[in-house]
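Colleague: Here it is: the structure, laid out below.
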Amino acid sequence: MKSTTKEAGVAAPGKPFLMRIGIGLFGLGMIAVLAVFIMFAAGLENLPVWLSLAAGVITPLGLLLGLIALVIEARAKN
């Protein structure tokens, strides 16, 4: 029985999969935001559209996924 308990403890990850995706997307979005700010501060005026879209879409999407994962986790505990 002790081996079963250890296996269950190892198999259970620390954070849900949705939370990990949210954190990753938010991190990528923040890197895109920093890149846009740095490029704008360097004097570039015509920034790539994909970079601006990544900064404007990926960051809030990651935040939303993280919040949804928190709500799901909190409801599962109750």
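Colleague: Would you mind stating whether Gly22 is in a helix (DSSP H, G or I), at pLDDT 90 or above and not acidic (Asp, Glu)?
Modeller: Values: in a helix (DSSP H, G or I): yes; at pLDDT 90 or above: yes; not acidic (Asp, Glu): yes.
Spelling it out, Gly22 is indeed in a helix (DSSP H, G or I), at pLDDT 90 or above and not acidic (Asp, Glu).
Colleague: If you go through the stretch 10-17 one residue at a time, do you hit one that is assigned to a helix (DSSP H, G or I), of a type outside the set (D, E, K, R) and under 13 Å from the mean Cα position of the chain (by Cα)?
Modeller: Pass one, the stretch 10-17, residues assigned to a helix (DSSP H, G or I): 10-11, 17.
The next check asks that each one be of a type outside the set (D, E, K, R); those that pass are 10-11, 17.
Filter again for under 13 Å from the mean Cα position of the chain (by Cα), leaving 17.
Yes, some residue in the stretch 10-17 is assigned to a helix (DSSP H, G or I), of a type outside the set (D, E, K, R) and under 13 Å from the mean Cα position of the chain (by Cα).
Colleague: Just to be sure before I move on: is Leu70 touching a helix residue (DSSP H, G or I) at 6+ places or on another chain (Cβ under 7 Å), touching a residue at least 12 places away in the same chain (Cβ under 8 Å) and surrounded by 12 or more Cβ atoms within 10 Å (Cβ to Cβ) in the structure I sent? Before the answer, list the steps.
Modeller: Working: touching a helix residue (DSSP H, G or I) at 6+ places or on another chain (Cβ under 7 Å): no; touching a residue at least 12 places away in the same chain (Cβ under 8 Å): yes; surrounded by 12 or more Cβ atoms within 10 Å (Cβ to Cβ): yes.
Considered against the rule, which asks whether it is touching a helix residue (DSSP H, G or I) at 6+ places or on another chain (Cβ under 7 Å), touching a residue at least 12 places away in the same chain (Cβ under 8 Å) and surrounded by 12 or more Cβ atoms within 10 Å (Cβ to Cβ), Leu70 comes out as no.
Colleague: Filter the stretch 32-50 down to the residues that are assigned to a helix (DSSP H, G or I) and either loosely packed, with under 15 Cβ neighbours inside 10 Å or among the aromatic types (Phe, Trp, Tyr) (or both) and list them by number. It would help to see each step written out before you state the result.
Modeller: First, pick out the residues of the stretch 32-50 that are assigned to a helix (DSSP H, G or I): 32-41, 49-50.
Across the stretch 32-50, the qualifying residues are Leu34, Phe37, Ile38, Phe40, Ala41, Val49, Trp50.
The values are calculated or read from the model by the stated rules, or taken from the named source; none is laboratory data. Just so we're clear, the structure is a prediction, and the values are computed from it rather than from any experiment. Methodologically, a virtual Cβ is constructed for each residue, glycine included, from the backbone with ideal geometry; neighbour enumeration extends over all protein chains shown.
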